[in-house]
Amino acid sequence: MGPLAHDGPGPALRETLRVLARGAVRAFTAREAAVVLRRGAWEAEEELEQLVDRQLLEPPAEAGDGYAFLPLTRLHAREP
C-alpha cells in the first residue's frame, strides 16, 4: 500500500516540487524534469512517481504525455 496524501513529502521531494513549480510549463515529461532537476532520468521519474503517490502531481494520461501539476499544488510550491 502506497503512502497516503497526508504523508507529506520529505525535504528532497519538497525541493523537487519547488524547482519544477518555478518552470513556465504546467506539464512535463520525466526526461524534461531530469534536465531541470539535474538528475538522471530514472531518479527523476522515481521522484515524480512519489509525488503522484502523494497526490501532488497528476500522472501522464497516456504514453508520451507529461506529468502535470494540480493548480493549487503548483501555486503552493512556488511560495518561498
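A few points about this structure:
- Of all residues in the stretch 38-80, those being outside any loop (DSSP other than H, G, I, E, B) and either surrounded by fewer than 17 Cβ atoms within 10 Å (Cβ to Cβ) or acidic (Asp, Glu) (or both) number 15.
- Conditions (1) surrounded by 12 or more Cβ atoms within 10 Å (Cβ to Cβ); (2) modelled with pLDDT of 85 or more; (3) out of contact with any helix residue (DSSP H, G or I) (no Cβ under 9 Å at 6 or more places or on another chain); number of the one not met by Pro11: (1)
- In the stretch 21-37, the residues that are assigned to a helix (DSSP H, G or I) and closer than 18 Å to Arg74 by Cβ: Ala21, Ala30, Glu32, Ala33, Val36, Leu37
- Evaluated against (1) assigned to a helix (DSSP H, G or I); (2) without any contact (Cβ under 8 Å) to a residue 60 or more places away in the chain; (3) not polar (S, T, N, Q), Arg18 falls short on exactly one condition, (2).
The values are calculated or read from the model by the stated rules, or taken from the named source; none is laboratory data. Computed from a predicted model, the values in this text were never measured in an experiment. Virtual Cβ from ideal backbone geometry, glycine too; neighbours counted across all protein chains shown.
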